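Take a look at the structure below.
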Amino acid sequence: MSAAEHAAGEEGAPSPARSEESAPALARTVEALLFLSADPLSPAELAEATQAGEGAVQTALALLGEEYAPGRRGIQLRELAGGFTLASDPDSEDAARRLFSRPRASTLTPAQAETLAIVAYLQPISRPEITRIRGVSADSASGTLLERGLVEEAGRSQFGAVLYRTTTQFLKLFGLRSLDELPDVAHWDPTPQEQADLRERLLRAGEARAGGGPQPG
């Protein structure tokens, strides 16, 4: 090997000091990859993904092994099938079984999703108004949304009808911090008058869909 080639090789390889300094950062990246992967990852796969040497990856895995040593956390670093993976502590098995044995929430039907969208954007709103907008009865859909804790009562209208609004559970389900993060479907910021006009247009559209008149709410 020529002196130039030798110099180039030394320049391209990370120095031990630099590898040591970057070990914690590499360990965090490896930790993230193990968390994201459903299957065990080999050191070679981790090295390819992180663009680091296998030796550096082994050092990162050793750091994670200390961090996730049995008895320290609820997660352990385990070596399985020629690779590494993050797994729950066996001591948590009973609690995990109880958690995942609970009935899972079913997905929303189209009618429920449509009703929920109307409440989200026009709240507080009454069930008769929802019926007029949709053109069909909102009793079943709104009742289910109430049972699932996605909407709740929010007083009464001037005509005595119960008003509905979305709940904190609604925000959690859709990953929203507040209603301000709802998608801006029209890409404009309506004034109170524009909101009233929009509500009227929706009501008229619902009546037309129902054949000229609202169904009972």
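Descriptive notes on the structure:
- For GLU93, the stated conditions do not hold, so it cannot be described as closer than 21 Å to LEU203 by Cα, among the acidic types (Asp, Glu) and not in a strand (DSSP E or B).
- Test: residue in the range 95-115 that is within 30 Å of LEU179 (Cβ to Cβ), of a type outside the set (S, T, N, Q), in the same structural domain as GLU181 (by TED's automatic domain parsing) and touching a strand residue (DSSP E or B) at 6+ places or on another chain (Cβ under 8 Å): no
- Answer residue from the range 30-61, given it is of a type in the set (A, V, I, L, M) and free of Cβ contacts under 8 Å to residues at least 12 places away in the same chain and is surrounded by the most Cβ atoms within 10 Å (Cβ to Cβ) among those: ALA47
- Condition met for ALA141 (aliphatic (A, V, I, L, M) and surrounded by fewer than 17 Cβ atoms within 10 Å (Cβ to Cβ)): no
- Some residue of the range 67-89 being outside any loop (DSSP other than H, G, I, E, B), assigned by TED's automatic domain parsing to the domain that holds PRO192 and among the β-branched types (Val, Ile, Thr): no
- Failed item in (1) at pLDDT 90 or above; (2) within 24 Å of the chain's Cα centre (by Cα), with ALA62 passing the rest: (2)
- Subset of the range 58-95 (residues that are within 16 Å of LEU36 (Cβ to Cβ) and β-branched (Val, Ile, Thr)): ILE75, THR85
- From the list LEU99, LEU64, LEU80, the lone residue that is at negative phi, touching a residue at least 12 places away in the same chain (Cβ under 8 Å), surrounded by fewer than 17 Cβ atoms within 10 Å (Cβ to Cβ) and not acidic (Asp, Glu) is LEU80.
Yes/no per residue for (1) modelled with pLDDT of 90 or more; (2) of a type outside the set (Asp, Glu); (3) in the same structural domain as PRO183 (by TED's automatic domain parsing); (4) crowded, with 17+ Cβ neighbours inside 10 Å:
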{"residue": "ILE118", "(1), (2), (3), (4)": "yes, yes, yes, yes"}
{"residue": "SER126", "(1), (2), (3), (4)": "yes, yes, yes, yes"}
{"residue": "ILE130", "(1), (2), (3), (4)": "yes, yes, yes, yes"}
{"residue": "ILE133", "(1), (2), (3), (4)": "no, yes, yes, yes"}
{"residue": "LEU146", "(1), (2), (3), (4)": "yes, yes, yes, no"}
{"residue": "LEU150", "(1), (2), (3), (4)": "yes, yes, yes, yes"}
{"residue": "SER157", "(1), (2), (3), (4)": "no, yes, yes, no"}
{"residue": "ALA161", "(1), (2), (3), (4)": "no, yes, yes, no"}
{"residue": "THR166", "(1), (2), (3), (4)": "yes, yes, yes, yes"}
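- For SER126, the test of being out of contact with any His (no Cβ under 9 Å at 6 or more places or on another chain), touching a residue at least 12 places away in the same chain (Cβ under 8 Å) and polar (S, T, N, Q) is passed.
- Residues (modelled with pLDDT of 75 or more, in contact with a helix residue (DSSP H, G or I) (Cβ under 8 Å, 6 or more places away or on another chain) and either exposed (fewer than 14 other Cβ atoms within 10 Å of the Cβ) or under 22 Å from SER140 (Cα atoms) (or both)) located in the range 173-194: ARG177, SER178, LEU179
- Subset of the range 175-185 [outside any helix (DSSP H, G or I), of a type outside the set (A, V, I, L, M) and more than 20 Å from GLU153 (Cα to Cα)]: GLY175, ARG177, PRO183, ASP184
The values are calculated or read from the model by the stated rules, or taken from the named source; none is laboratory data. None of the values given here were measured: they were computed from a predicted structure. All Cβ positions, glycine included, derive from the backbone under ideal geometry; neighbour counts span all protein chains shown.
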